[in-house]
Amino acid sequence: MEKDNVCINCYNQVDKVAKILKLGQAELDILTIPKRIFTFSYPVRLDSGDIRYFTGYRVQFNDARGPTKGGIRFHPEVNLEEIKTLAFLMTLKCAVVNLPYGGAKGGITINPGKFSEAELERISRGYIRETYNFIGPSIDIPAPDVNTDAKIMAWMLDEYEKLEGRHTPSAITGKPIALLGSKARDFSTSMGGAYVLQEFAETLGMKPKNTSVAVQGFGNVGMNIARILNEWGYKVIAVSDSKSGIYNPKGLNIKEVIAHKEKTGRLAKFKGAKEISNEELLELKTDVLVPAALEDQITKKNAGKIKAKLILEMANRPITPEADEILLDKHIFIVPDILANAGGVVVSYFEWVQNSQNYYWSEKVVLERLKTYMTDAVKELSKVCTDFKCDMRASLYINAVKKILEAERLRGNLK
Ligand code: NAD
C-alpha cells in the first residue's frame, strides 16, 4: 500500500481504541486508509478576465455502512491531510448517530473573502464538474462546511442536475428550503449540540439559569448555539469570531449581539461588553466552553489554563490529542465532536430521505426526530462508557469502530 494514501492523523486517533479492541493489521488498514482520494486542479475565469487554477479535494473514507457523506469547505489552509482526517471523523460520526452512511469530506484551498459572488459561483460549479462522475445520491453526498452555505449548495446542485439531465435533489444536502432543502437544516448542527448538552447538563446537575457558557466562533454553528442556549435560559457570557471577542459576566443578550453583528459586520463595540481576545475567551472561568470555530484551538500550550467544567466540541477537532489528555487529567468533562456536532448530518440525512420520497416534513417533525437521534446516541454512549470503563471520546470511537468493522466483516472484507 502506498504510504501517501494513509491518513497519518487517523493513526493517532485510533491508537487507543486499537489497543482496547485488540485490532489486527487488516482492521487498522480499514480505519486509516481512505477508500478513495481525489485531488484536482481546474481553471476558473475571474471577473478581470484572467484565468486562475484552483485545487480541490474529495476524500471518500469508508462506505461499508452506506454512501459516503460530508461537507465541502472553502479555506486557505485546506490540504489533503486535513480533508482525510475530517473524512475519517465523518465516518465515525455517521456510525455514532446510526445513519446509513459512510464518511467523506471535501474542500478547496481558497480564501473566499478575496473573490466576488460571481467568481465563487464559477468556482463552486467547477468543483462539481470535477467530481461529478464520483458523487451522487447513492455514492457520495456533499453538504456545507466552513465558508460554504445554502447558496453555494444551490449552485452545486444546479450544476449537478445540468450534468445529470434530470432533477436529483438528493445529490446534495444543506440546500435552501425553496430548492428542496429541509426545514431546520440551517441551525440543526447547533440544535443537535444543544440537545446533547441538555442531556449531560441534567446528569451533572447544571440548571440553565445557573450555567455560564462561552462560545468561540460566531458563524453558522457558534451563533446558532449561542442563540438557542440563550433562549433556553443559559447565561452566555462570551462569544467571539475571527476578529475579536466580547464578554459580560452577567450574560449577553444574543439576539441583540446578532443584530449588532448584522448591522456593523463585527462583534467589537457591542454595548455593555468588554472586548477580549480569542485566547482569553478559551481561558475564561465558565461552566461550559463551546469551541465552534476551527481545529486545534486547545493545544498543550493552553490546555492547562482552561477553567471550564464542560467542553462541548461543536467544531471538528478543536482539541489536539495532547491537550485532550491534559484536560482529562484535570477532570474536565469533554463532549466530543463526533457526537456534539452530529445534528447537522442527521438533518442532512432527513433532507436526503425527504428528497428521495418527495414528501416534506414540518420543522416540528424534523426537530422531534433530531432530538430522538441525538438522545439515543447519548444513551448508547453511556452504555459503552460503562461496559469499557473509558472516557467519552474513546467510548464513541469504540462504538463507531465496532459498527464499521462489523459492516466490513459482513461484506467479506475482513475475516
Ligand atoms: P462558519 O464559516 O459559518 O463560521 C466559522 C466561525 O469561526 C466564524 O465566525 C469565524 O469568524 C470564526 N473563526 C474563524 N477562525 C477563528 C479563530 N481563529 N478564532 C475564533 N473564531 C474564528 O463555519 P461553521 O459552519 O459555523 O463551522 C464551524 C465549525 O463547526 C467547523 O469546525 C466545522 O467543521 C464544524 N461543523 C459545522 C457544521 C455545519 O453544519 N455548519 C456541522 C458539523 C461541524
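The values are calculated or read from the model by the stated rules, or taken from the named source; none is laboratory data. If you're wondering where the values come from, they're calculated on a predicted model, not measured in any experiment. Here the Cβ is made from the backbone with ideal geometry for all residues, glycine too, and neighbour counts use every protein chain on show.
A few points about this structure:
- Residues that are within 15 Å of the ligand (Cβ to nearest atom) and surrounded by fewer than 19 Cβ atoms within 10 Å (Cβ to Cβ) were ranked within segment 247-265; the one that is farthest from residue 192 (Cα to Cα) is 264.
- When 147, 98, 111 are screened for being within 16 Å of the ligand (Cβ to nearest atom) and on the phi > 0 side of the Ramachandran plot, only 147 passes.
- Residue 166 vs. criteria farther than 30 Å from residue 372 by Cβ, in a loop (DSSP other than H, G, I, E, B) and not β-branched (Val, Ile, Thr): yes
Residue-wise test of (1) buried (at least 22 other Cβ atoms within 10 Å of the Cβ); (2) farther than 30 Å from residue 308 by Cα; (3) within 13 Å of the chain's Cα centre (by Cα); (4) modelled with pLDDT of 95 or more.
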| position | (1), (2), (3), (4) |
| --- | --- |
| 335 | yes, no, no, yes |
| 347 | yes, no, yes, yes |
| 355 | yes, yes, no, yes |
| 360 | no, yes, no, yes |
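- Residue check, residue 136 more than 14 Å from the ligand (Cβ to nearest atom) and touching an Asp or Glu at 6+ places or on another chain (Cβ under 6 Å): no
- Scanning segment 267-281 for residues that are surrounded by fewer than 15 Cβ atoms within 10 Å (Cβ to Cβ) and not basic (Lys, Arg) yields 272, 275, 277, 279.
- Residues of segment 163-205 satisfying the condition of being aliphatic (A, V, I, L, M) and more than 30 Å from residue 129 (Cβ to Cβ): 184, 191, 194, 196, 197, 201, 204
- Restricting segment 57-79 to residues that are of a type in the set (D, E, K, R) and within 11 Å of the ligand (Cβ to nearest atom) leaves a set whose member that is farthest from residue 137 (Cα to Cα) is 77.
- Residues satisfying the stated conditions in segment 266-286, i.e. assigned to a loop (DSSP other than H, G, I, E, B), more than 10 Å from the ligand (Cβ to nearest atom), under 24 Å from residue 211 (Cβ atoms) and hydrophobic (A, V, I, L, M, F, W, C): 270, 273, 284
Every residue, every condition in (1) within 13 Å of the ligand (Cβ to nearest atom); (2) of a type in the set (Lys, Arg); (3) within 24 Å of the chain's Cα centre (by Cα); (4) in the same structural domain as residue 45 (by TED's automatic domain parsing), yes or no:
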{"site": "128", "(1), (2), (3), (4)": "no, no, yes, yes"}
{"site": "142", "(1), (2), (3), (4)": "yes, no, yes, yes"}
{"site": "153", "(1), (2), (3), (4)": "yes, no, yes, yes"}
{"site": "156", "(1), (2), (3), (4)": "no, no, yes, yes"}
{"site": "161", "(1), (2), (3), (4)": "no, no, no, yes"}
{"site": "192", "(1), (2), (3), (4)": "yes, no, yes, no"}
{"site": "201", "(1), (2), (3), (4)": "no, no, yes, no"}
{"site": "209", "(1), (2), (3), (4)": "no, yes, no, no"}
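- Of all residues in segment 397-415, none are part of a helix (DSSP H, G or I), within 16 Å of the ligand (Cβ to nearest atom) and closer than 18 Å to residue 180 by Cβ.
- Here residue 408 passes the criteria (1) at positive phi; (2) modelled with pLDDT of 95 or more except the one numbered (1).
- Residue within segment 185-198 that is within 15 Å of residue 288 (Cβ to Cβ), out of contact with any helix residue (DSSP H, G or I) (no Cβ under 7 Å at 6 or more places or on another chain) and at pLDDT 95 or above present: yes
- Selection over segment 232-246 of residues that are more than 8 Å from the ligand (Cβ to nearest atom), of a type outside the set (Ser, Thr, Tyr) and either over 21 Å from the mean Cα position of the chain (by Cα) or farther than 15 Å from residue 217 by Cβ (or both) gives a count of 7.
- Residue within segment 213-222 that is surrounded by fewer than 21 Cβ atoms within 10 Å (Cβ to Cβ) and either in contact (Cβ under 8 Å) with a residue 40 or more places away in the chain or within 14 Å of the ligand (Cβ to nearest atom) (or both) present: yes
- Looking across segment 179-211, the residues that are of a type in the set (Ser, Thr, Tyr) and surrounded by 23 or more Cβ atoms within 10 Å (Cβ to Cβ) come down to 182, 188, 189, 190.
- Scanning segment 96-121 for residues that are in contact with a Phe, Trp or Tyr (Cβ under 8 Å, 6 or more places away or on another chain), under 27 Å from residue 340 (Cα atoms) and β-branched (Val, Ile, Thr) returns 97, 108, 109.
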